[in-house]
Amino acid sequence: MQTPVDRLWAQALSRLQRTDSPRFSFAEVRGLGLEADELIGGGAFTYAGFDAVRADCECGVMPAFDFQTRAAEGLVGLACAGSPSCSRGWQWVSRGEHEHVRTDAQAVFSAIAGANALQPMAAAVPEPFIPVGRLLRRGLDIAVVWCRVAGPMLQVLGRGLSASLRQPMIIVVPSSSGNERTEGFEVISLRHEETTRLDLLAGVERLTPNHRERVLEDPTLDLDYVSVRFATRPGDRHVLEINGHDFGGFRKSDVKFLRMLLLAAARKNGANEGWIDKSRLRDGDDKDRALERMREELVTYDVPGLSEGERKALVRAHKGQLRLGVPPANIEFDASLASLEFIAPTTTQTKSGTTRATAKQAEGLQNAGVLLRDCRRLTFASTSPMATPFSHSTSRIRGP
């Protein structure tokens, strides 16, 4: 879910299709739940003045202003200042709709860098290029730049910059007739919808056409074309969506679901780029049965567009450590996860009646409790629903 600030920058990015200096009226800023003065104080926006365009003025001169008479109503008076005047009297307009703040392309790209896993660029780039950031993806260090120039001239300028930087490069443009490729760089255009996400993966995929084969061989690579979403339905089942598909696995076993959730939480907000020791999966032996069971679950159920090998590779193993093979930006936690709760199953219901909980169930509860505490210990971003503490009181363990 986008915050007001996210929506502001998403709109600013969209307006870069038309101008490198996006403007917002005070009324638009307030409509997003923000204040223009605070934006200006933050340094990314400047005051852009009053838009004094009047449809009924034919003189083309700066009009006279009356900011005082109806200030309490939020109105500003405009009158033709031509001599002689082409119109009579004052025209009263909303100050909030005609007073503006302005930002620029560099500020926009700085603001959305985190949402696109971009790091600052150390190398300077000449005009008309604007640095967007460095993208470390698929074993490549990719320079990402912005350019408003289009057509054959873009190809000429792009080849020169690519030769100067001596690294793979993606050029983001306002729009293009097609995502064309020239040797040494890729061209992508801004998305049509309002979002803070650039379509960088499209460029990366063209730079690395054999990635889907390499990712099965190299455990340090990510399946960055995969997104996952975790949720739960209290009293019913857990939910793991893979590329928007409601995955059939991890629905009933709390322990298995929490193992995947722990890997996701560590990848999104943990240290060491999400790598954790395999012992944290609460397996209890040295035969990697937890890893084996997770991968068995992943290959048992289908996901459209993903092979069995790719589903298995979602849990990466390397030098005794594990991590989720999905980039942090592709991991989402639903607010429903705050309702994860457990109680000790002192009894269990069978066809023959109520019996005491088995030792296996008790062990499952203990493992789930430790996994849950590990998830809670991780430092989640303040905007993440999982910042809400998990509860530990009323749900029952549903299998090992």
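So, taking all protein chains as they sit and a 1.4 Å probe, how much accessible area belongs to I40, in Å² rounded to tens?
60 Å²
Describe numerically, in nm with one decimal, the distance between label points set 7 Å from Cα along Cα→Cβ at Y301 and at V5.
3.6 nm
Can you tell me the length gained on complete extension of the stretch R18 to D218, counting 0.36 nm per residue apart and subtracting the Cα distance?
Separation in residues times 0.36 nm, less the Cα-Cα distance, equals 67.8 nm.
Give me, ordered by chain and number, the residues 5 or more places off V187 or on other chains with an amide H under 5 Å from its own placed amide H.
Under 5 Å from the amide H of V187: I171, E180, T182.
Evaluate E = 1/(1 + (r/R0)^6) for E332 and S87, where r is the Cβ-Cβ distance and R0 equals 35 Å; express this FRET efficiency to the nearest 0.05. Intermediate results must be reported in sequence, preceding the final value.
Details: r = 55 Å, r/R0 = 1.57.
It comes out at approximately 0.05.
Quick one: 3J(HN,Hα) in Hz for region 251-264, Karplus 6.51/-1.76/1.60 with θ = phi - 60°, rounded, Gly and Pro as x.
In residue order, the calculated couplings are 7, 10, 8, 4, 5, 5, 5, 5, 5, 5, 5, 5, 4, 5 Hz.
Which cross-chain or sequence-distant (5 or more) residues have an amide H under 5 Å from the amide H of A48, H modelled 1.01 Å from N in plane?
It is H100, V101, R102, by chain and number.
The values are calculated or read from the model by the stated rules, or taken from the named source; none is laboratory data. Not measured: the values here are computed from a predicted model. Heads up, the Cβs are rebuilt from the backbone with ideal geometry, glycines too, and the neighbour counts pull from every protein chain shown. What goes into the accessible areas is simple: the full protein's heavy atoms, side chains included, and nothing from ligands, DNA or RNA. Shrake-Rupley method; radii C 1.70, N 1.55, O 1.52, S 1.80 Å.
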